[in-house]
Amino acid sequence: MGMEAQPDLAAAAALFADRTRARMLIELVDGAARPAGHLARIAGVAASTASSHLARLEAAGFVAVEVSGRTRRYRIADPRVVAAIEALLPLASTEPPVGLTAVESWRRLRVARSCYDHLAGSLGVDLLAGLLERGALVRTDGIDGTAPAPTDALSARVRNAPYAPGPGAEAVLGRIGVDLDALLGARRPLIRVCMDWSEQRHHLAGALGAAIMTRMLDLGWVARRSGRRDLRVLELESIAAWLAEPPRPGGAPCGER
């Protein structure tokens, strides 16, 4: 009797196992497209070596290429690749950053970054907490705040997001121009959450998470850094004002820690 067909997990894992490919994939985890030359510098390899690795990732469907003249830009093609990377990060050893520039880079990543098309880092976690405090969202599994459930995997997409729109959803979201009805009519799930790899608490994903990040970028509250995954937080007061509520003991606006 032959063996039943099984997913080729080893082949997929091998694509992450090479340090050059891993460094390039981590650089692309925010969903932006970056030139092959930039990815070669990040990985510390020659352009020809980077091209070989990128071709392998493209063949596997991990990345897609955008050609503009002689420039080839690469981006992650499947959000499941991002989910796999963030699931592995807590298990990976990390060399201590050397020098002020490296230390500051890691600090900024922890404060605010994009996770594919939504906010992550302490700002992303605080955003979800603020939406809960304002009644824009409610948690449905009996756990307070953004803490993980006992069954949540470390730094991964939560299979069944234990959140739903709350009584204040339309009012709170409408204040920044997010149309809840339009999102409810879209094919993409409205609410998803991820376990944030640096905070190890939930941050908001799904159509709602993407819409809020888009509006924050449009309003100039946050901004992308050229060639980087971390975000510049420009208008903490505006974010805090949006999520403000009548003072209560222990209440705090979201913001940079």
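Close Cβ contacts (under 9 Å, 6 or more residues apart or on different chains) running from residues in the range 34-59 that are of a type in the set (D, E, K, R) to residues that are assigned to a helix (DSSP H, G or I) comprise R34/M24; R34/E27; R34/I42; R41/A50; R56/L15; R56/R21.
A64: at pLDDT 90 or above, under 26 Å from A120 (Cα atoms) and out of contact with any Pro (no Cβ under 7 Å at 6 or more places or on another chain), yes or no? Against the criterion (at pLDDT 90 or above, under 26 Å from A120 (Cα atoms) and out of contact with any Pro (no Cβ under 7 Å at 6 or more places or on another chain)), A64 qualifies. Under the condition of being closer than 11 Å to R21 by Cβ and loosely packed, with under 15 Cβ neighbours inside 10 Å, the residues counted in the range 37-54 number 2. The lone criterion from (1) crowded, with 21+ Cβ neighbours inside 10 Å; (2) modelled with pLDDT of 85 or more; (3) touching an Asp or Glu at 6+ places or on another chain (Cβ under 7 Å) left unmet by G220 is number (1). Residues in the range 178-195 that are closer than 26 Å to E86 by Cα and without any contact (Cβ under 8 Å) to a residue 12 or more places away in the chain: R187 alone.
Of all the listed residues (R134, R175, R157, R139), the sole one being touching a residue at least 12 places away in the same chain (Cβ under 8 Å) and touching an Asp or Glu at 6+ places or on another chain (Cβ under 6 Å) is R134.
The values are calculated or read from the model by the stated rules, or taken from the named source; none is laboratory data. Because the structure is predicted, anything quoted here is derived from the model rather than measured. FYI the Cβ positions are ideal-geometry reconstructions off the backbone, even for glycines, and counts take in every protein chain you see.
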